[in-house]
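To start, the structure under review is shown below, and the notes come after it.
The values are calculated or read from the model by the stated rules, or taken from the named source; none is laboratory data. As the structure is a computational prediction, the values presented were derived from the model and not from experiment. Heads up, the Cβs are rebuilt from the backbone with ideal geometry, glycines too, and the neighbour counts pull from every protein chain shown. Quick note on the areas: whole protein, heavy atoms, side chains included, nothing else; ligands and nucleic acids left out. Shrake-Rupley method; radii C 1.70, N 1.55, O 1.52, S 1.80 Å.
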Amino acid sequence: MATIRLGDVAPDFTADSSMGMINLYDYLGDGWGILFSHPADFTPVCTTELGTAAKFKGEFDKRNVKMLALSVDGVASHGEWIKDINETQHTTVNFPIIADDDKKVSTLYDMIHPNANDSLTVRSVYIIAPDKTVKLIITYPASTGRNFHELLRVIDSLQLTAYHKVATPANWENGDRVVISPSINTEDAKKIFTKGVEEIKPYLRMTPQPNL
Ligand code: BEZ
């Protein structure tokens, strides 16, 4: 297992899941992907996370992001747990959960951090771009459930900055002004960003979000 870093190609794998065998690259096709791990089935925080993720699926779909969860239990256990998630979170789990009882995928993606827990995965998030490179890695401890609004916010930033020469400032939300990439000088920036350029400092130039 090698450490995966931003910009690396996401390792491909084939694994069983709550929706049958899945090959990562086939599943993602030419879209974006989010792969997120859960410490174990029948645990409380994970139950709320998967229910929330199911309710957010429409938002991920709008952004062309395929969802793929993982937990280190088998398919039969996932099936029983999904019934509980649907019942308690008032939703229907509508994306696959990888059955990683042999820990093949969690080892490949370095999702087990032995000094935190030697058998359960931490809460890892990998966002994978259409070219299969890893664009974002976030790691939470088992005791902290993820914020799915934040995951969508980051995806909006990743998708915007992939196609425009801009970056997103602190606490940016979709629709806010953005920062012009330092690689563009202000004269060129004024030609590219026709909605306007505000030069606060030579290195700090703002423009309205270009893709709206
Ligand atoms: C949970 O998902 O609730 C959880 C899992 C492992 C440790 C602590 C909490």
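Taking every residue in segment 59-70 that is more than 16 Å from Val93 (Cβ to Cβ) and pairing it with any residue that is in a strand (DSSP E or B), at least 6 positions away or on another chain, the pairs with Cβ-Cβ distances below 7 Å are Arg63/Trp32; Asn64/Trp32; Val65/Trp32; Val65/Gly33; Val65/Ile34.
Strands (runs of 3 or more DSSP E) fully within segment 167-208 that include at least 2 residues being aliphatic (A, V, I, L, M): 178-180, 204-207.
Does segment 38-51 hold any residues that are open to solvent by 60 Å² or more (accessible area, probe 1.4 Å), touching a residue at least 24 places away in the same chain (Cβ under 8 Å) and at negative phi, and which are they? If the condition is that a residue be open to solvent by 60 Å² or more (accessible area, probe 1.4 Å), touching a residue at least 24 places away in the same chain (Cβ under 8 Å) and at negative phi, then Thr48 is the only one that fits. Being within 30 Å of Ala69 (Cβ to Cβ), of a type in the set (Gly, Ala, Ser), modelled with pLDDT of 95 or more and open to solvent by less than 60 Å² (accessible area, probe 1.4 Å) is the requirement here; does Ala129 meet it? Answer is yes for this residue. When each of Leu68, Leu35, Leu24, Leu28 is tested for being crowded, with 16+ Cβ neighbours inside 10 Å, more than 19 Å from Val154 (Cβ to Cβ), under 18 Å from the mean Cα position of the chain (by Cα) and away from the ligand (no atom under 16 Å from the Cβ), the lone residue that passes is Leu24.
Considering only segment 174-196, I want to know if a residue exists there that is surrounded by fewer than 17 Cβ atoms within 10 Å (Cβ to Cβ) and closer than 30 Å to Thr47 by Cβ. Scanning segment 174-196 turns up at least one residue that is surrounded by fewer than 17 Cβ atoms within 10 Å (Cβ to Cβ) and closer than 30 Å to Thr47 by Cβ.
Quick grid of which residues meet (1) within 16 Å of the ligand (Cβ to nearest atom); (2) touching a residue at least 40 places away in the same chain (Cβ under 8 Å); (3) under 20 Å from Tyr27 (Cα atoms):
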| site | (1), (2), (3) |
| --- | --- |
| Ile138 | no, no, no |
| Ala142 | yes, yes, no |
| His149 | no, no, no |
| His164 | no, yes, no |
| Val178 | no, no, no |
| Pro182 | no, no, no |
| Thr194 | no, no, no |
